[in-house]
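These notes are about the structure you will find just below.
Just so you know, all these numbers are worked out from the coordinates, no wet-lab data involved. These numbers come from a predicted model, not from an experiment. Counting neighbours? That spans all protein chains shown, and the Cβs are built from the backbone with ideal geometry, glycine included.
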Amino acid sequence: MTDELRNRLSRLDPMSSDVPTEPVTTESSQQLLEEIMTTPNVEQPGSSGTPNKRPWIAAVAAAAVVIVAVGAVGLLSGDGDPIAATPPLELNAGGEDVMASCIAFGVEYLAPMPVAFEGTVVSVEGDAVTLDVDHWFKGGDASQVVLNAPQGMEALIGGFPFEEGTQYLITASEGNVNYCGFSGVSTPEMRAAFEEAFAS
Amino acid sequence: MNSDIERRQRFELVADQVYEPLQRYLRRRANREDAADALSEALLTVWRRLEDVPSDFPLPWCYGVAKRCLANQRRGARRHLRLVERITTEASTSPSHEIDDPVLEAALSELSDSDQELLRLWAWEQLEPREIALVLETTPNAVSLRLARAKAKLESRLTRQDSSTPGQKRDGHNEEHRP
């Protein structure tokens, strides 16, 4: 009975042995192993230790982030109405990411966010990431937004890397960029969620 | 210098054994990209903690590492993808096989996450309780008990479903298509 159940369950396995995986002998596998073995053998606190290509995946520390809108128009008021013609407006962060507790993602949580836009990173310099705004969903109409990280780039990143040329969907409240699924690399699924949440 | 070479050799030996099974383990539980990230992370951990890797059968221990890599990934760095991940995981854990046992699939999905995971480790990774215990960092005894309970729950759901045919067709029509 129990063997029968085990067999029956194993037939649900999406990665059963007839699905190919990459053998350890391929060039790219060997390259990966080599890369790992040449990684300095030092535990970095808070680092999850991916050996390559994720320069800023770092601590999930709540980030104090300041959003500065640059360009002709200021950013937003608390209830999301654009404020006209204010020079670069600084929205301070009180230190803690308001979404630090990471409630489950849902369109219904997204909708109340006062600031939401889609933008492409044009520069990552020092402690500032500049995005050209491609689309405002809510809360502003500036052509560029600068994300500032007074506590350093890792704090700003708050878990996801900003890379030049990549498009992101960003929400913020009270000047803080929200992580935890409320901001991230733009994908069709995420954009659809934004469009649904901010459909007026 | 010599010990460096030995260390590398030992790692390569472990990697030979776990490289493909780890890919399967991860792809069962995450989308392709996350699985690839978690694989390199897990292997890096194996490299760093090589002295802790059980030499006789490293795989369960390595599954445990991979499990934590996935959990960290989900909890932290890539949390922004939560929604996306959910969509792609759902899409990517099932595309490669047609569900030919929807009754079992449905019964399984009614169990708690931890029961489901126990059953997967048992049936998909083909681990025995003492090995599952290494993955989940608990005792073989606890695993045996919980696994027995999970199996019983699954079986009772299956019997219930078998006795009441899916759907509401209790009017005789379903006699025509018997399995």
inquiry  = Taking θ = phi - 60°, what integer Hz values does the Karplus form 6.51 cos²θ - 1.76 cosθ + 1.60 yield along the stretch B:43-57, in sequence order, with x for Gly and Pro?
reply    = 5, 5, 5, 4, 4, 5, 10, 3, 5, 8, 6, x, 7, 6, 9
query = Taking each residue of A:188-198 in turn, how many C-beta atoms of other protein chains fall within 10 Å of its C-beta, and what is the average?
reply = 2
ask   = Which of the peptides A:24-31, B:128-135 is most tightly packed, and how do the rest follow, going by the mean number of other Cβ atoms within 10 Å of each residue?
value = B:128-135, A:24-31
ask   = Any idea how far apart B:Arg49 and B:Glu110 come out in nm if each label point goes 7 Å out from Cα toward Cβ?
value = 3.7
query = Taking each residue of A:13-25 in turn, how many C-beta atoms of other protein chains fall within 10 Å of its C-beta, and what is the average?
reply = 6
task = Would you please give the FRET efficiency between A:Ala192 and B:Ser3, computed as 1/(1 + (r/R0)^6) with r the Cβ-Cβ distance and R0 = 56 Å, to the nearest 0.05?
result = 0.55
ask   = How many nm is it between the label spots at B:Glu12 and B:Gln126, if each spot is 7 Å from the Cα in line with the beta carbon?
value = 2.7
